[in-house]
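First up is the structure itself, then whatever we jot down about it.
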Amino acid sequence: IMDLIDYTFSQRNLTNFVKHKFVVPIKQSNKSSKHFAKTPTPIIDTKIYIPQQKDSLFWCFYILKHGYFNYEMEITNKYFTIESEQKFAYINKLKNVKAQLKINKIKPFSLIEDDLSSGGCISIKTFFALCVAENINIIMVHGRKIYALVLDDNKPINIVHKNSQSGVHHIELDNSLDRINQYYNNYYNVEGFDSSLKSMATYKLSELKELCEKLNITLTDNIKYTKKDIYALLVQNF
């Protein structure tokens, strides 16, 4: 019997299945072989998970809180009702953690409240407020920038991405320590939620060059850059 546990219709097995099954098609070649059907089976990328609802960031939070099994098997066509109910419920819940929100530079509360009650897509700041309420560790990756919130060292750090072109958010399934360190070491860690640069005078030349590396801005080897030159490049690409 023990040998059959991995094949039973249990919640554990269903959770593992849906967590890794989400289809992200990779573009197929138009060439076809006479030995195969004209429509090839899509290649599956199991490294990311993309919620299908419009407010993808809210549903990334929902999945991190309630799990893939709940999202896949229990939401079905009730997502609009659940989304509305959950957002209004969190307005009251967040009032109880205002102190924690302030410590993590998530303010003013009135903006978070308006965001949840508007019926539109939530902002990154509101997403982090929800993570504070549920004690969820998170790294948000946007381009070459990261926003990090680590509330509990004993819990895993989750990784959520924002697609710079479509604005759609997805969960990265590889949240290993090596992957986390890769983002910390090679991407620009935004302090708070202010993604603007500080004044040029606050940076050393070496710090500006390091910022260029983290934001993937190439400096030509045979050009002698001044602080002003590099700062101008950073402003254009920030």
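The values are calculated or read from the model by the stated rules, or taken from the named source; none is laboratory data. None of these values were measured; they are calculated from a predicted model. Neighbour counts are summed over all protein chains in view; Cβ atoms, including those assigned to glycine, are modelled from backbone coordinates with ideal geometry. To get the accessible areas, we keep the full protein, side chains included, count just its heavy atoms, and leave off ligands, DNA and RNA. Shrake-Rupley method; radii C 1.70, N 1.55, O 1.52, S 1.80 Å.
Annotations
- For segment 192-212, the set of residues classified as free of Cβ contacts under 8 Å to residues at least 24 places away in the same chain and under 29 Å from the mean Cα position of the chain (by Cα) consists of Asp194, Lys198, Ser199, Glu207, Lys209, Glu210, Leu211, Cys212, listed by residue number.
- Screening Lys78, Lys125, Lys145, Lys87 for residues that are surrounded by 13 or more Cβ atoms within 10 Å (Cβ to Cβ), among the charged types (D, E, K, R) and either more than 29 Å from Asn185 (Cβ to Cβ) or touching a Cys at 6+ places or on another chain (Cβ under 9 Å) (or both) leaves exactly one candidate, Lys87.
- Residue ID - farthest from Met140 (Cα to Cα), chosen from residues in segment 56-75 that are touching a residue at least 12 places away in the same chain (Cβ under 8 Å) and open to solvent by 80 Å² or more (accessible area, probe 1.4 Å): Met73
- Filtering segment 148-167 to residues that are surrounded by fewer than 18 Cβ atoms within 10 Å (Cβ to Cβ) and closer than 15 Å to Ile63 by Cα leaves only Pro156.
- Checked against the criterion of being part of a loop (DSSP other than H, G, I, E, B), among the hydroxyl-bearing types (Ser, Thr, Tyr) and either open to solvent by less than 40 Å² (accessible area, probe 1.4 Å) or at pLDDT 50 or above (or both), the candidates Thr41, Thr46 yield just one match: Thr46.
- Tally, over segment 87-127, of residues that are under 21 Å from Asp152 (Cα atoms) and part of a helix (DSSP H, G or I): 14
- Against the numbered list (1) more than 30 Å from Trp59 (Cβ to Cβ); (2) part of a helix (DSSP H, G or I); (3) not polar (S, T, N, Q), Asp178 comes up short only at (1).
- Of all residues in segment 194-208 being part of a loop (DSSP other than H, G, I, E, B) and out of contact with any strand residue (DSSP E or B) (no Cβ under 7 Å at 6 or more places or on another chain), the one that is farthest from Gln100 (Cα to Cα): Lys204
- Hits in segment 142-175 - residues which are closer than 18 Å to Tyr68 by Cβ and in a loop (DSSP other than H, G, I, E, B): Lys155, Pro156, Val168, Leu173, Asp174, Asn175
- Test: Asn186 is open to solvent by 40 Å² or more (accessible area, probe 1.4 Å) and touching a Pro at 6+ places or on another chain (Cβ under 8 Å): no
Residue-by-condition table, conditions (1) assigned to a helix (DSSP H, G or I); (2) touching a helix residue (DSSP H, G or I) at 6+ places or on another chain (Cβ under 7 Å); (3) closer than 26 Å to Lys105 by Cα:
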| site | (1), (2), (3) |
| --- | --- |
| Ala129 | yes, yes, yes |
| Asn135 | no, no, yes |
| Met140 | no, yes, yes |
| Glu210 | yes, no, yes |
| Tyr225 | no, no, no |
| Ala232 | yes, no, no |
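- In segment 215-238, the residues that are within 26 Å of Asn185 (Cβ to Cβ), surrounded by 10 or more Cβ atoms within 10 Å (Cβ to Cβ) and not aliphatic (A, V, I, L, M): Asn216, Tyr225, Lys227, Asp229, Tyr231, Asn237, Phe238
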